[in-house]
Amino acid sequence: MTQTIFLIGYMGCGKSTLGAALASVMKVPFIDLDDYIEEKCEAKITEIFRTMGETAFRQLEQQALREVAAMPCIVACGGGTPCFEGNMQLMNRTGITIWLTTEVERIAARLCLPEQKAKRPLIANKTDEEIHAFITTQLAARTPFYSQAQLQFDSTHIETAPETLHTATQLAAILQNL
């Protein structure tokens, strides 16, 4: 693999879970962009949002994206990454972009888990009903960015390790035929 593969999509669609499995199947490095930012900044994303604000976070995110774009690897992007600072154009220019799609109900079920809410600043203080409405609204706003991806792939079936491996193997086969 000589190109960076960028996994994009709404939070909770499985970018990190499927990305790690895909990297293992394809035997290439995996980078979770949020983890990469946390390491560089020596702070959690929630802390960066709280102390610096979303605008500063998006600037850090774009710098991190430029750095990983030069690495042949699988990158799990944050849900908002494609929607800011010309990031979608950068990813399309430097690698392969894949929009992972999942039904809103499945995303909501994943994001309403307490451990998921706690690590996601945009939904941390919302009720389950508010999260569902938030997803629906934000997904509609972000779809014009996500739809610029070169490929679209259904990431619904990643609830168990065998499902995740099967889904990653399917995606790897598609990528190897490009």
- Residue that is assigned to a helix (DSSP H, G or I), in contact (Cβ under 8 Å) with a residue 60 or more places away in the chain and hydrophobic (A, V, I, L, M, F, W, C), where the choices are F134, F145: F145
- Message: Between C77, C73, which is over 25 Å from L139 (Cα atoms) and touching a strand residue (DSSP E or B) at 6+ places or on another chain (Cβ under 6 Å)?
- Response: C73
- Message: Every residue in the stretch 132-155 that is open to solvent by 70 Å² or more (accessible area, probe 1.4 Å) and among the charged types (D, E, K, R), please.
- Response: D154
- Under 7 Å between Cβ atoms, at least 6 apart or on separate chains: pull out the pairs that start in the stretch 44-55 with a residue that is touching a residue at least 12 places away in the same chain (Cβ under 8 Å) and end on any residue that is open to solvent by less than 70 Å² (accessible area, probe 1.4 Å) and in a loop (DSSP other than H, G, I, E, B). I45/P121; T46/P121; F49/P121
- Message: Considering only residues that are part of a helix (DSSP H, G or I) and open to solvent by 70 Å² or more (accessible area, probe 1.4 Å), which ones fall in the stretch 119-131?
- Response: D128, E129, E130
- Only listed residue being free of Cβ contacts under 8 Å to residues at least 24 places away in the same chain and of a type outside the set (D, E), chosen from Q63, Q59: Q63
- Looking at E85, E61, E67, E42, which is the one that is farther than 18 Å from Q116 by Cβ, acidic (D, E) and surrounded by 17 or more Cβ atoms within 10 Å (Cβ to Cβ)? E61
- Task: Go through the stretch 43-88 and give me each residue that's modelled with pLDDT under 95 and part of a loop (DSSP other than H, G, I, E, B).
- Result: A43, K44, G53, A70, M71, P72, G78, G79, G80, F84, E85, G86
- Item | Filtered residues of the stretch 5-42 (kept if farther than 29 Å from H157 by Cβ and not in a helix (DSSP H, G or I)) | E42
- Message: I need the full set of residues from the stretch 33-67 which are in contact with a Gly (Cβ under 7 Å, 6 or more places away or on another chain) and either of a type in the set (S, T, Y) or under 25 Å from L171 (Cα atoms) (or both), in order please.
- Response: L33, D34
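The values are calculated or read from the model by the stated rules, or taken from the named source; none is laboratory data. In this text, all values refer to a predicted model and were calculated from it rather than measured experimentally. We place every Cβ from the backbone using ideal geometry, glycine too, and count neighbours over all the protein chains shown. These accessible areas exclude ligands, DNA and RNA; they are computed on the full protein's heavy atoms, side chains included. Shrake-Rupley method; radii C 1.70, N 1.55, O 1.52, S 1.80 Å.
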